[in-house]
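*Asks:* Handing you this structure, nothing more for now.
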Amino acid sequence: MRGGVAIVGGVGHAKFGRRTDATLGELAWEAVKEALEDARLDQKDIQYFVVGNAGGWSAESLPAVIVGEYCGLNPRGGAMRVEAACASGSAALYNAYLAVASGMADIAMAIGVEKMYESPTPTVVEFIGRAGNYFWEFENFGLTFPGYYALYMTAYMNRFGATEEDFCKVAVKNHYYGSMNPKAQFYGLRITVDQCLKSRYVAWPIKLYDSSPITDGAAAVILASEELARKITDTPVWIRSVGVATGTANLSKRPDFIGLDAAYQAAEQAFKRVGIEHRDTWKYFDVADVHDCFTIAEVMAYEDLGFVERGMGIQLVRSEQTYKGGLIPVNLDGGLKAKGHPIGGLRALVWLLR
Amino acid sequence: MVMSLEAKYEEFWRQSIKQLNDVVKATGGLPIAPPDEKGQYSLWYDVRELRLRYSISVERIKKFFEGLREGKVYATKCRRCGRYYFPPPQADCPYCKASDMDWVEISGDGELLTYTIINTKPLTYSHYPDYIVAIARMREGFNVLAWLRVDDPKKVRVGMKVRLQVVKREPEGYLTYEFVPAEQ
Ligand SMILES: [Zn+2]
C-alpha cells in the first residue's frame, strides 16, 4: 500500500474515571508514556503531535502547549489543540493521519485528554449544552447534551416502535464489556435492564443509565508512514480508510431525527475509498467501536454505518447480535457508556478489515 | 414556584467562595481540600473565579427582535433563491453569496417532530421547573426548536399540531417564542 499509514503498536491509555489524582499534564503523560514504550520510541522520534480536547470545564484553557511541555514533546509539532466536540479525539487522530499521509511527518502522535471533574456537574452540563448553536438553541431553550440525543430517541421510538427497555439492553451490553476492562470507569460494574429502567430521567426518554458518565481520561496513539511502520513493528495496524463529515449546529436544521446524516456521509466516504458498498457492511468487519455517548447513539450508528437497514438497528439489540459471537460485535471495550466519555478523549478506533 | 435566577446563581457562587475560605482557614494557609471518604483526592480550590457573560452582536438581525415586540417571529428569505433562514434569520445567503433578504413572518402552524423533557438542567436553567424542548416542522417546510408549553406532558404526542407564539420568559421577563398545542 503506497503512502500507507499505520498505528505502530504505540497505543497508550490512562485509566478513565474520576481522576482527581492527576492534573491534565499528568493524565496525558500516562497515555503518552505508555504509547512511547509500547512502540519503543522516544519523544525525539515524534515529529508532529496534536491534542484533542474540548475543555472549558478544566482550568487550562489552552491545553496543547501544557501537554507538550509536560510530556517533553515540545518543540516538535505545533502543540495544536483540535476540537470537534465529542469527536475531538478522533479529530486529533485524523489530523495526525493527514500529517503522515501527506508526507509532512514520518511519525506523528495523536493525544486526546479531558479533565471534566475540575468543574461542578451543573457547570459541565452547561458547557456541553452550549455545544450546539449557543445563541439559538441554548440561550433561550436550555438544551442539554442528553437532550440533543433524547430528541433522536423520541423520534426513533415513535417511528420504529423501539422501547426504553430495548435501549437499556445496549447499556447492559456495554457495561458487561466495560466491567472486564481495567481501564474503564465502570470496571467491575455490571447492570441489569431493570436497574437501567428504574434509573432517573436526565432528559426524557433518556435515563441516567442510558448515558455515558462525566469522565477524566487520556489516550495516545502513534502513527507512522508505511516505510517506517514496518521497521517499528512486525504488526502494524493499517488505517485503510477514513471519512469525515459535518452536520448542522442547529438541531432544528436536521431533516429527520432517526439517524445522523454526518455519520452516514462519513461512512460513505470511508467505504467508497476501499470499494465497499454501503449496505450489509457487518460482513466486512470483525468488530466495531462506535459512538455511544447515549444508547440511542449506538443504535443509530449501526444503521448509519450500514450494518443493517434504517430501523433495524434495534433488532440487532433485541437479538443480541452485537455481542461477541454475534453478527457484528460492537464496543467490546465498554464503549463511552461504560468505559467513560472524556469529551476530547481518544478511543483508538481500529477497524479490522476481514 | 420559580426561584429568581439571581438568588439561585448567587447561592451557587457564594458556596464555592465559602468553601475556599473555610479550607484556607482550616489548613493554616493552603486552599487544598483533604481527601474525603468517597475517594476524592486532595484538591486545590481555585482562588481565581471566572464568571462569563458575553455581549452578542445582533445589529444585522435587529428586525427579528423588533418583531418579537410586535408578537411576530420573523425568518429571512433570500430574494434570489427563495431559501428560508431560521434559526438564525441569516443576514446573508451563502449559496447566492448575496445579502438580499426579505423578512417574512413565520406562519406559526407546525407539526411536532420530536420532543424531550429536560430533567437534569444546566446551571443557568436550574431555577426553572423541568421544561419540554420540542422541534416542529412549520407549514413553510423548515423546522423550529422551542419550549412546548402544556398542562400535562403525558398528553404530548409526536405528530400533534402546535402553534408558535411570542411570550415573555419569566422570571427574567424577556421576549422569546414557544409552542403551545394548536387546539388549545
Ligand atoms: Zn440565496
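*Asks:* Could you go through the stretch B:139-154 and let me know if any residue there is within 15 Å of the ligand (Cβ to nearest atom), assigned to a strand (DSSP E or B) and touching a residue at least 24 places away in the same chain (Cβ under 8 Å).
*Replies:* no
*Asks:* For the stretch B:59-83, give me each residue that is within 12 Å of B:Tyr95 (Cα to Cα) and not charged (D, E, K, R).
*Replies:* Within the stretch B:59-83, B:Cys78, B:Cys81, B:Gly82 meet the criteria.
*Asks:* Right, next: Just to be sure before I move on: is A:Ser252 surrounded by fewer than 16 Cβ atoms within 10 Å (Cβ to Cβ) and among the polar types (S, T, N, Q) in the structure I sent? Before the answer, list the steps.
*Replies:* Details: surrounded by fewer than 16 Cβ atoms within 10 Å (Cβ to Cβ): no; among the polar types (S, T, N, Q): yes.
Spelling it out, it is not the case that A:Ser252 is surrounded by fewer than 16 Cβ atoms within 10 Å (Cβ to Cβ) and among the polar types (S, T, N, Q).
*Asks:* Something else now. Please work out if B:Gly29 is more than 16 Å from the ligand (Cβ to nearest atom) and either more than 12 Å from chain A (Cβ to nearest Cβ) or surrounded by 11 or more Cβ atoms within 10 Å (Cβ to Cβ) (or both). Let's see the steps before the verdict.
*Replies:* Values: more than 16 Å from the ligand (Cβ to nearest atom): yes; either more than 12 Å from chain A (Cβ to nearest Cβ) or surrounded by 11 or more Cβ atoms within 10 Å (Cβ to Cβ) (or both): yes.
Judged against the criteria, B:Gly29 is a match.
*Asks:* Continuing with this model, one more query. Could you go through the stretch B:100-109 and let me know if any residue there is more than 16 Å from the ligand (Cβ to nearest atom) and at the interface with chain A (Cβ under 9 Å from one of its Cβ atoms).
*Replies:* no
*Asks:* B:Val23 - would you say it is of a type in the set (Val, Ile, Thr), within 27 Å of B:Gly173 (Cα to Cα) and more than 16 Å from the ligand (Cβ to nearest atom)? Walk me through how you get there before you give the answer.
*Replies:* Working: of a type in the set (Val, Ile, Thr): yes; within 27 Å of B:Gly173 (Cα to Cα): no; more than 16 Å from the ligand (Cβ to nearest atom): yes.
It is false that B:Val23 is of a type in the set (Val, Ile, Thr), within 27 Å of B:Gly173 (Cα to Cα) and more than 16 Å from the ligand (Cβ to nearest atom).
*Asks:* Criterion first (crowded, with 22+ Cβ neighbours inside 10 Å and of a type in the set (A, V, I, L, M, F, W, C)) does A:Phe285 satisfy it? Full working, then the answer.
*Replies:* On the way: crowded, with 22+ Cβ neighbours inside 10 Å: no; of a type in the set (A, V, I, L, M, F, W, C): yes.
Here the answer is no, as A:Phe285 does not meet what is asked.
*Asks:* Cβ-Cβ under 7 Å, sequence separation 6+ or interchain: first residue in the stretch A:187-207 and within 8 Å of another protein chain (Cβ to nearest Cβ), partner among the hydroxyl-bearing types (Ser, Thr, Tyr) and assigned to a strand (DSSP E or B). Which pairs?
*Replies:* Filtered contacts from the stretch A:187-207: A:Val202/A:Ser211; A:Ala203/B:Thr116; A:Trp204/B:Thr116.
*Asks:* I'd like the full set of residues that are more than 9 Å from the ligand (Cβ to nearest atom) and either crowded, with 18+ Cβ neighbours inside 10 Å or among the aromatic types (Phe, Trp, Tyr) (or both), limited to the stretch B:86-96.
*Replies:* B:Phe86, B:Pro87, B:Pro89, B:Gln90, listed by residue number.
*Asks:* Are any of the residues in the stretch B:114-136 more than 15 Å from B:Pro181 (Cα to Cα), of a type outside the set (D, E, K, R), crowded, with 22+ Cβ neighbours inside 10 Å and within 16 Å of the ligand (Cβ to nearest atom)?
*Replies:* The answer is no, given that none of the residues of the stretch B:114-136 is more than 15 Å from B:Pro181 (Cα to Cα), of a type outside the set (D, E, K, R), crowded, with 22+ Cβ neighbours inside 10 Å and within 16 Å of the ligand (Cβ to nearest atom).
*Asks:* Yes or no: the stretch B:167-176 includes at least one residue that is in contact (Cβ under 8 Å) with a residue 60 or more places away in the chain, within 8 Å of chain A (Cβ to nearest Cβ), surrounded by fewer than 22 Cβ atoms within 10 Å (Cβ to Cβ) and within 19 Å of B:Pro87 (Cα to Cα). Write out each step before concluding.
*Replies:* As a first pass, look at the stretch B:167-176 and keep what is in contact (Cβ under 8 Å) with a residue 60 or more places away in the chain: B:170-172, B:175-176.
After this cut, where a residue has to be within 8 Å of chain A (Cβ to nearest Cβ) as well, the list is B:176.
With the extra rule that they be surrounded by fewer than 22 Cβ atoms within 10 Å (Cβ to Cβ), the set shrinks to B:176.
Still in the running and within 19 Å of B:Pro87 (Cα to Cα): B:176.
Yes, because at least one residue in the stretch B:167-176 is in contact (Cβ under 8 Å) with a residue 60 or more places away in the chain, within 8 Å of chain A (Cβ to nearest Cβ), surrounded by fewer than 22 Cβ atoms within 10 Å (Cβ to Cβ) and within 19 Å of B:Pro87 (Cα to Cα).
*Asks:* Please verify whether B:Ile118 is under 16 Å from the mean Cα position of the chain (by Cα), closer than 26 Å to B:Gly67 by Cβ and facing another protein chain (nearest Cβ under 7 Å), treating the condition exactly as stated. Give the steps one after another, and end with the answer.
*Replies:* Details: under 16 Å from the mean Cα position of the chain (by Cα): yes; closer than 26 Å to B:Gly67 by Cβ: no; facing another protein chain (nearest Cβ under 7 Å): yes.
No: the conditions fail for B:Ile118.
*Asks:* OK, next. Could you identify the single residue in A:Asn181, A:Asn133 that is within 17 Å of the chain's Cα centre (by Cα), modelled with pLDDT under 95 and surrounded by fewer than 24 Cβ atoms within 10 Å (Cβ to Cβ)? Walk me through how you get there before you give the answer.
*Replies:* Details: A:Asn133 fails: within 17 Å of the chain's Cα centre (by Cα).
The unique qualifying residue is A:Asn181.
*Asks:* Out of everything in the stretch B:71-85 that is under 21 Å from the mean Cα position of the chain (by Cα) and not in a strand (DSSP E or B), what residue ends up being farthest from the ligand (Cβ to nearest atom)?
*Replies:* B:Gly71
*Asks:* Here's something else I'd like to know. Can you run down the residue pairs with Cβ atoms below 7 Å, 6 or more apart or on separate chains, where the first is in the stretch A:238-253 and away from every other protein chain (no Cβ under 14 Å) and the partner is outside any loop (DSSP other than H, G, I, E, B) and charged (D, E, K, R)?
*Replies:* Going by the 7 Å Cβ cut-off, the qualifying pairs are A:Ser241/A:Arg273; A:Gly243/A:Glu268.
*Asks:* Here's another thing I want to ask about it. Taking A:Ser61 and the conditions (1) touching a helix residue (DSSP H, G or I) at 6+ places or on another chain (Cβ under 8 Å); (2) free of Cβ contacts under 8 Å to residues at least 24 places away in the same chain, which numbered condition does it fall short on, given that it satisfies the others?
*Replies:* Every listed condition holds for A:Ser61 apart from (1).
*Asks:* OK, next. I'd like the full set of residues that are touching a residue at least 12 places away in the same chain (Cβ under 8 Å), over 28 Å from B:Trp13 (Cβ atoms) and surrounded by fewer than 17 Cβ atoms within 10 Å (Cβ to Cβ), limited to the stretch B:37-69.
*Replies:* Scanning the stretch B:37-69 gives B:Arg60, B:Lys63, B:Phe65, B:Arg69.
*Asks:* Kindly indicate whether any position in the stretch B:139-150 is crowded, with 21+ Cβ neighbours inside 10 Å, at negative phi and away from chain A (no Cβ under 14 Å).
*Replies:* The answer is no, given that none of the residues of the stretch B:139-150 is crowded, with 21+ Cβ neighbours inside 10 Å, at negative phi and away from chain A (no Cβ under 14 Å).
*Asks:* Follow-up. Please verify whether the stretch B:16-34 includes one or more residues that are outside the structural domain of B:Asn143 (by TED's automatic domain parsing), more than 33 Å from the chain's Cα centre (by Cα) and among the charged types (D, E, K, R).
*Replies:* Residues of the stretch B:16-34 outside the structural domain of B:Asn143 (by TED's automatic domain parsing): B:16-34.
Narrowing the set further to residues that are more than 33 Å from the chain's Cα centre (by Cα) leaves B:21-34.
Still in the list and also among the charged types (D, E, K, R): B:22, B:25.
The answer is yes, given that some residue of the stretch B:16-34 is outside the structural domain of B:Asn143 (by TED's automatic domain parsing), more than 33 Å from the chain's Cα centre (by Cα) and among the charged types (D, E, K, R).
*Asks:* Going through the stretch A:134-181 one residue at a time, which ones are facing chain B (nearest Cβ under 9 Å) and either assigned to a loop (DSSP other than H, G, I, E, B) or touching a Cys at 6+ places or on another chain (Cβ under 6 Å) (or both)?
*Replies:* Selection gives A:Glu139, A:Asn140, A:Phe141, A:Gly142, A:Leu143, A:Thr144.
*Asks:* Given the condition within 30 Å of B:Lys168 (Cα to Cα), within 13 Å of another protein chain (Cβ to nearest Cβ) and either outside any loop (DSSP other than H, G, I, E, B) or within 16 Å of the ligand (Cβ to nearest atom) (or both), answer yes or no: does some residue in the stretch B:38-47 qualify? Full working, then the answer.
*Replies:* Step one: filter the stretch B:38-47 for residues within 30 Å of B:Lys168 (Cα to Cα), giving none.
Taking every residue of the stretch B:38-47 in turn, none turns out to be within 30 Å of B:Lys168 (Cα to Cα), within 13 Å of another protein chain (Cβ to nearest Cβ) and either outside any loop (DSSP other than H, G, I, E, B) or within 16 Å of the ligand (Cβ to nearest atom) (or both).
*Asks:* Pick from A:Glu277, A:Glu268: which is away from chain B (no Cβ under 14 Å) and under 30 Å from B:Leu145 (Cα atoms)?
*Replies:* Working: A:Glu277 fails: under 30 Å from B:Leu145 (Cα atoms).
Answer to the check: A:Glu268.
The values are calculated or read from the model by the stated rules, or taken from the named source; none is laboratory data. Given the structure is predicted, the values throughout are model-derived calculations rather than measurements. Cβ sites come from the backbone with ideal geometry, for glycine too, and all protein chains shown count toward neighbours.
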